[in-house]
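A short write-up of the structure that comes next.
The values are calculated or read from the model by the stated rules, or taken from the named source; none is laboratory data. These numbers were taken from a predicted model, which means no experiment stands behind them. All Cβ positions, even for glycine, are placed from backbone atoms using ideal geometry, and neighbour counts span all protein chains on display.
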Amino acid sequence: MKKLLLSCLIFFLFFSLSEEAYASRELLVDPNFENGVAIGYANNYPNDKDLQCIGNWRNKLINYNKIKWYFIEISERFYLCDNNNNPIVSDSSINYISPNYGGKQLLIDKVNKSVRMLYNTGWEWRGGCNLCKPWTFDGITHYPQYGNSLTFWPHFLVAQFLSSSYVPSPDFQGLNSVPVAERVEVNKSEGLIFHGEFKLNNSQKVNSRFNCPNGDWLPNTCNQELCQGGNNNCPQIKDHAIFYVGFVLWRKNQDPNKPPNYPNVLYQLLPLVYTEDGNINLGGDGYNGQAYFMGDQFGDRTFFAKFGEGSTKNVKKLVKGQWTSIEIDVRKFSKETLGRLNPNINFSDYFVSAVLIGWEIWGGYQTDVEFRNLSLIDNSLSGISDINGDGKVDIFDYNILVSDFGKTGVAGFVKSDINKDGKVDIFDYNILVSNFGK
């Protein structure tokens, strides 16, 4: 009787429901940041202090356990956790402000549904001079105090794993951060659309409070110095500030040998701001106007996209004082990036694990960027409606879904929970019907 009833129901839905109503879903949780931002793993803050800080923030944010956004905050001092007043919560805002006269701020405007990032790296080690070099003053040679000897430049970003079950934590869980059933596969049809509006309010170079030695930031000079007390893996770069939107690809089967042409991790970065003087923004036309790959400090791969080609063809660099709409098909972007890296690469080996938004800065810069109306829409639900994975959505997928109908608490475990809301119900049927026959 139940199957007969459901068969009639699916017949009715197949001929009466609009495909557009059920052919997409939002992957970002809390895109307006109304729950706030949690403490993540990507920092070099001491773990015992992390836990103390989490307790403090949880007391002020009643939905802390529901937060999906987390900070990437790499610094030597003036962490957001060092200000015991954080987060500063009201009905209209959630603000995080560092203790160094607010040199680092994340301001969430719940009324206008926007987020503002202010960052002044002139307060970092050596006051904006090259962080990877030793620094002699008062007759004593000092070395940077970053927690990781390979990461010695300021980071200030927000990020979200594309996983309904992931809870931000100081402990990195690797591939387990995104369960198999929740992974956003690269090898689906295109139609994973990221959208956001961004505005550059200010960017300027900060004169160091200390006189940087001549040639401190010239390329090819860093490796001639002791770096981090003996580590010579220093980037050969000029000082610059870069604000980007990034999409992280993970390989499903991690290779401990980290082959560069088949990487375990690939960071795809789209620079919306790239500046060396604090005033001129080259954006994705920075780095001599080239799109290029580089290895990161951990042996992973990083790709810097440029404007005007492929899936980033219509993306515009930010202009001071103007809201700029950014839109990119992340699957198309990912396939282009992987194909550029290795024409023989297998797209089905990768999934999109996370979204990154924010700053990496070498040198002293004062910056101010806002963003709003973020979304990441998956328009390829026919792929997840293919419950048995045979390449089509048909009666066999329907039979599996019928057998699971009414089950609850299954998000991340049962593929019949197509919309990942923790139960198999009419909404999953609606999605399957809209894709039936594909």
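Of the residues making up segment 70-82, those that are in contact with a Pro (Cβ under 8 Å, 6 or more places away or on another chain) and either within 25 Å of Tyr244 (Cα to Cα) or at pLDDT 95 or above (or both) are Tyr70, Ile74, Ser75, Glu76, Phe78. The residues of segment 51-75 that are charged (D, E, K, R), under 22 Å from the mean Cα position of the chain (by Cα) and farther than 21 Å from Ser165 by Cβ amount to a single one, Glu73.
Name every residue in segment 290-314 that is of a type in the set (Asp, Glu) and in contact (Cβ under 8 Å) with a residue 40 or more places away in the chain, in order of residue number. Correct list: Asp300 only. Checking each residue in segment 155-179 for being more than 23 Å from Lys49 (Cα to Cα) and either in contact (Cβ under 8 Å) with a residue 60 or more places away in the chain or in contact with a strand residue (DSSP E or B) (Cβ under 9 Å, 6 or more places away or on another chain) (or both) picks out Phe161, Leu162, Ser163, Ser164, Ser165, Leu175, Val178, Pro179. In segment 33-76, the qualifying residues are those that are in a loop (DSSP other than H, G, I, E, B) and in contact with a helix residue (DSSP H, G or I) (Cβ under 8 Å, 6 or more places away or on another chain), and the one that is surrounded by the fewest Cβ atoms within 10 Å (Cβ to Cβ) is Glu76.
A Cβ distance below 6 Å, combined with a sequence gap of six or more or placement on separate chains, defines the contacts here; from segment 375-401, residues that are within 27 Å of Phe194 (Cβ to Cβ) reach residues that are of a type in the set (Val, Ile, Thr) and at pLDDT 85 or above in the pairs Ile377/Ile193; Ile387/Ile400. Gly278 passes every criterion in (1) at pLDDT 90 or above; (2) crowded, with 20+ Cβ neighbours inside 10 Å apart from (2). When we screen Gln228, Gln297, Gln254 for residues that are over 23 Å from Leu200 (Cβ atoms), touching a helix residue (DSSP H, G or I) at 6+ places or on another chain (Cβ under 9 Å) and at pLDDT below 95, the only hit is Gln254. Looking across segment 354-388, just one residue is of a type in the set (S, T, N, Q), modelled with pLDDT of 95 or more and crowded, with 21+ Cβ neighbours inside 10 Å, and that is Thr367. When each of Asp277, Asp285, Asp300 is tested for being in contact with a Pro (Cβ under 7 Å, 6 or more places away or on another chain) and of a type in the set (Asp, Glu), the lone residue that passes is Asp300. The set of residues in segment 67-93 that are within 14 Å of Gly103 (Cα to Cα) and either outside the structural domain of Leu356 (by TED's automatic domain parsing) or basic (Lys, Arg) (or both) contains only Arg77. Here Asp421 qualifies as acidic (Asp, Glu), part of a loop (DSSP other than H, G, I, E, B) and either within 20 Å of Ala305 (Cβ to Cβ) or outside the structural domain of Glu185 (by TED's automatic domain parsing) (or both).
Would you confirm, using the coordinates I've provided, whether Asp255 is within 27 Å of Val319 (Cβ to Cβ), outside any strand (DSSP E or B) and either over 18 Å from the mean Cα position of the chain (by Cα) or touching a residue at least 60 places away in the same chain (Cβ under 8 Å) (or both)? Answer is no for this residue.
The requirement of being in a strand (DSSP E or B), at pLDDT 90 or above and in contact with a Ser or Thr (Cβ under 6 Å, 6 or more places away or on another chain) is fulfilled nowhere in segment 313-322; no residue meets it.
If the condition is being at pLDDT 80 or above and surrounded by fewer than 17 Cβ atoms within 10 Å (Cβ to Cβ), then segment 141-181 contributes Ser165, Val167, Ser169, Asp171, Phe172, Gln173, Gly174, Leu175, Asn176, Pro179, Val180.
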